[in-house]
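Remarks on the structure that follows.
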Amino acid sequence: MTPRVFSGIQPTGNLHLGNYLGAIKRFVELQGEMECVYCVVDMHAITMPFEPAELDRNIREVTAAFLAAGIDPKAHIVFNQSQVKEHAELAWIFNCIARMGWLRRMTQFKEKAGKRAEEASVGVFAYPSLMAADILAYRATHVPVGEDQKQHLELTRDIAAKFNHDFSARISELGLGEDMEMGDETVRGYFPLTEPIIGGPAARVMSLRDGTKKMSKSDPSDLSRIVMTDDSDAIAKKFKKAKSDAEVLPETVEGLEGRPEADNLVGIYAALADTDRAAVLAEFGGQGFGAFKPALIELAVEKLAPINREMRKLMDDPAHIDAVLADGSQRARAIAEPILADVKAIVGFVGARG
Ligand code: TYM
């Protein structure tokens, strides 16, 4: 199958350093390796309570972050999900492939629905089938994400495997798909079993106020996260106030164990400097946070301020952003349309292939 990268970000506001280091920065790096399709997943953003006027602003903000960080919307594809109807169509088919039990196990559903699952939207429950549809509407082979999305990607593989298995005979009959090794058997499959790309020092960036909690868009404390619209002063202030501990940094990575805040700040430094924790500790081991934090602030400002400036400039020109999304959507549709036509024919819908 043609190698292709797909990933998405929800336009839910407060785009933060975890989203940048765990996802967007890696999206930028992958552009040299494969064809990339990057999506602002606005249909996912309405699964939780939202304000329409904030939603359109947030869609443009995520797009601006993609462009400011260095994603090239001409060489690759940048678009918003709702402009390509194939996502919703495939999600419905996947709702009929995925099992209730599979979705009920999703930890993000449990976190979001909490104790009031009866009041959660049906969309929150079905969220992972739409995510699988995002990826498989392009038959994407690689998906870069932060660690918190790992379980959703496993579900995407489960859905692809069940589809391939259930419709294998029909896929062959129609002359579609490829032979794939699945366990001990070879199955004629249509969808790839997508590989997650997770890792590096920032796969899970933690809150600056509590090193045991993930940095998140919804944390009530603004000091818990650096957001991509923070200017240099805000970046400096938040790192100065970031929780640390009283000890010096260790010489080796093992020494970070049991020190979540130190581990997090060293990980952030490593990701910003394109290196790993061991290299950061080789430089700063034996020094306290009084020395390490100013170096971290200097590096963060150097790397993030230009992105922040460019994002502000782009946000002042919404017409340009909208044009990028319209063009990207058209090119995304050109890939997804024939795939959906195949899928509908595989399922047995009449009239699927025109
Ligand atoms: P979202 O919008 O919550 O987050 C976007 C990306 O940022 C990563 N991320 C983090 N990485 C490191 N540390 C953190 N603290 C942190 N917080 C968030 C996420 O892992 C993600 O890569 N369900 C997805 C959006 C989505 C998607 C897709 C992703 C919809 N369809 C298809 C990939 C492919 C989500 O809610 O991401």
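Each reported figure results from applying straightforward, stated rules to the coordinates on display, with no laboratory input. This one's a predicted model, so the numbers in the text were calculated from it and none came from an experiment. Reconstructed Cβ throughout: ideal geometry from the backbone, glycine too, with neighbour counts over all protein chains shown.
Annotations
- Trypsin sites (Lys or Arg not before Pro) lying in DSSP loop within the stretch 186-240, provided at most 11 other Cβ fall within 10 Å: none
- Cut-off under 5 Å, modelled amide H: who pairs with ILE197 long-range: VAL143, VAL145
- Vicinal HN-Hα couplings computed from phi for the stretch 13-26 (Karplus, 6.51 cos²θ - 1.76 cosθ + 1.60; Hz; Gly/Pro x): x, 6, 4, 10, 4, x, 5, 6, 6, x, 10, 4, 4, 6
- Beta bridges from DSSP with both residues in the chain: antiparallel share about 35 percent, rounded to the nearest 5.
- For the chain, built as a Gaussian network whose Cα springs stay under 10 Å, the top-fluctuating residue of LEU155, LEU174, LEU103: LEU174
- Kirkwood-Stokes translational diffusion coefficient of the stretch 222-314, alpha-carbon pairs, 25 °C, 0.890 mPa s, µm²/s: 180 µm²/s
- Degrees between helix 86-95 axis and first principal axis of the chain (Cα, 0 to 90, nearest 10): 80 degrees
- With respect to the chain, whose longest principal axis is taken over its alpha-carbon atoms, helix 52-69 is tilted by about 70°.
- Each Cα pair under 8 Å and six or more residues apart adds its sequence gap; the mean of these over the residue count of the chain is a relative contact order of 22 percent.
- Sorted fewest first by neighbouring Cβ atoms within 10 angstrom, HIS320, HIS87, HIS142, HIS44 come out as HIS320, HIS142, HIS44, HIS87.
- By the compact-protein rule of thumb, 2.2 N^0.38 Å, the alpha-carbon radius of gyration of the stretch 38-102 corresponds to a ratio of 1.33.
- Computed from Cα positions, the angle between helix 318-347 and the longest principal axis of the chain comes to roughly 40 degrees.
- Phi-derived couplings, Karplus 6.51 cos²θ - 1.76 cosθ + 1.60 at θ = phi - 60°, listed residue by residue for the stretch 265-277: 5, 5, x, 5, 4, 4, 5, 5, 8, 6, 9, 10, 4 Hz, with x used for Gly and Pro.
- Near ASP245, once Lys and Arg are set to +1 and Asp and Glu to -1 for all other residues with Cβ below 11 Å from its Cβ, the sum equals -1.
- Filter on LYS85/LYS110; LYS243/LYS303; LYS217/LYS344; LYS213/LYS313; LYS162/LYS217; LYS115/LYS214 - keep pairs with C-alpha separation over 31 Å: LYS217/LYS344; LYS213/LYS313; LYS162/LYS217
- Annotation note: GluC sites (Glu not before Pro) in the stretch 232-266 located in DSSP loop regions with a Cβ neighbour count of at most 15 within 10 Å are GLU247, GLU251, GLU257.
- Nearest-0.05 FRET efficiency for LEU193 and ASP56, computed from C-beta distance (R0 35 Å): 0.50
- Summed side-chain charge close to MET182 - residues other than MET182 whose Cβ falls under 14 Å, Lys, Arg +1, Asp, Glu -1: -4
- Applying a DSSP loop filter and a limit of 10 other Cβ atoms within 10 Å to the trypsin sites (Lys or Arg not before Pro) in the stretch 14-94 leaves LYS74.
- Restricting the calculation to alpha carbons of the chain gives Rg and Dmax of 21.5, 70 angstrom.
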